[in-house]
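All remarks here apply to the structure that follows.
The values are calculated or read from the model by the stated rules, or taken from the named source; none is laboratory data. Keep in mind the model is a prediction, meaning the values are calculated, not measured. Positions of Cβ are backbone-derived with ideal geometry, glycine not excepted, and every protein chain shown enters the neighbour counts. We work out accessible area using only protein heavy atoms, side chains counted, and drop any ligands, DNA or RNA first. Shrake-Rupley method; radii C 1.70, N 1.55, O 1.52, S 1.80 Å.
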Amino acid sequence: MERFHKEFGEEVTILAVNATDSESSISDVHDYIEEEGYTFPVLLDRKGDVTSDYQAMSIPTTYFIGTDGVVQEERRVGPMSYEFMVEMKDELN
């Protein structure tokens, strides 16, 4: 995701959501983000509201949301390759 963000960040916004309610320490989350060098926003879902609202039962789950706030494609469960992310960007443009 970082590679995709660096290459297409002007076109596509990545918002990662950490299911913080299942974490033992918020500082561990911040440490992980820093260690991995993520530069896109990582939001903390402290109460599990986002996870529940979007029915993200498995992590990772990805949603492609348009600028109008409408989900554009079915959710993607599981990891994504860089190539898949580029393909989705091109399809949704």
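Of the Cα atoms belonging to the chain, the radius of gyration and Dmax stand at 13.6, 39 Å. Dipole of segment 4-93 computed with +1 at Lys/Arg Cβ and -1 at Asp/Glu Cβ about the Cα centre; of Gly66, Phe8, Ser81, farthest Cα towards the positive end is Gly66.
In a reduced charge model with +1 at each Lys and Arg Cβ and -1 at each Asp and Glu Cβ, the chain shows a dipole moment near 180 debye about its Cα centre. Summary value for the chain: 25 percent relative contact order, contacts being C-alpha pairs under 8 angstrom separated by 6+ residues. Length gained on full extension, Asp90 to Thr13: 26.3 nm, using 0.36 nm per residue less the C-alpha separation. Using the rule -39500 (n - 2.57) for each DSSP H run of four or more residues, divided by the residues of the chain, the 222 nm mean residue ellipticity is -10000 deg cm²/dmol. For the chain, the solvent-accessible area with a 1.4 angstrom probe is 72 square angstrom per residue.
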